[in-house]
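Some notes on the structure that comes next.
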Amino acid sequence: MRPPFERPLLIMAISMLLLGCVASPDVEPSACRRPQPATAEIGAGTATSGFQPLADGDDALVTLGSQGLDMIQISVKLTDFEMPGVQQRLTRPWVTVRQRGTLLGSIRASVSPLAISKDTVAFFNMETPITRDAIDTYLDQLVDVDVVARDGCGRLIHAKRVLRLVK
């Protein structure tokens with residue numbers, strides 16, 4: 001006879017795996033080609049215009065999204081980012097926007113990466129929804145934009161910029 005707690009634990013474990021809440025499966029060390037850590041860079045641009053890196057203090061464009069929410073337009077370039085044997089949905093970066101500790105928006109990339117070179121991928125035009133709470137009070141203000149990703153080799157990649165929201 002099975003213990004009464006075994007079935008709920010199994011259901012929870014399977015649910016977490018399907019939802020991507022569990023760390024990526026172990027990857028054979030030989031599958032990870034690059035020993036150096038991966039790097040992330042926050043920028044702007046599209047697949048046609050190319051990636052343009054942003055520096056602290058640069059402008060981040062806020063546009064009106066298709067569902068009526070204000071969105072910040074961010075692109076992310078990841079160098080030495082590896083995905084051996086791991087589904088791409090598990091390795092998509094998160095973008096978080098904060099002002100003085102207040103969360104304005106956070107979302108996981110819904111776009112697929114585009115290879116720029118053999119060791120670099122970019123997630124172009126990621127739209128991160130910004131709070132509807134008086135968006136005008138945040139325009140022309142500096143915000144912290146954080147990007148966090150974990151590649152298929154389990155390495156954590158992080159980048160941060162302080163950007164000015166503009167329309």
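The values are calculated or read from the model by the stated rules, or taken from the named source; none is laboratory data. Owing to the predicted nature of the structure, the values given are computational and were not obtained by experimental measurement. All Cβ positions, glycine included, derive from the backbone under ideal geometry; neighbour counts span all protein chains shown.
Scoring I72 on the criteria (1) free of Cβ contacts under 8 Å to residues at least 24 places away in the same chain; (2) touching a Gly at 6+ places or on another chain (Cβ under 8 Å) leaves a single failure, condition (1). Every condition in (1) surrounded by fewer than 12 Cβ atoms within 10 Å (Cβ to Cβ); (2) modelled with pLDDT under 85 is met by G57 except one, and the failing one is (2). Which strands (runs of 3 or more DSSP E) sit wholly inside segment 89-167 and have at least 1 residues that are surrounded by 14 or more Cβ atoms within 10 Å (Cβ to Cβ) and touching a residue at least 60 places away in the same chain (Cβ under 8 Å)? Hits in segment 89-167: 114-117, 120-129, 142-150, 156-166.
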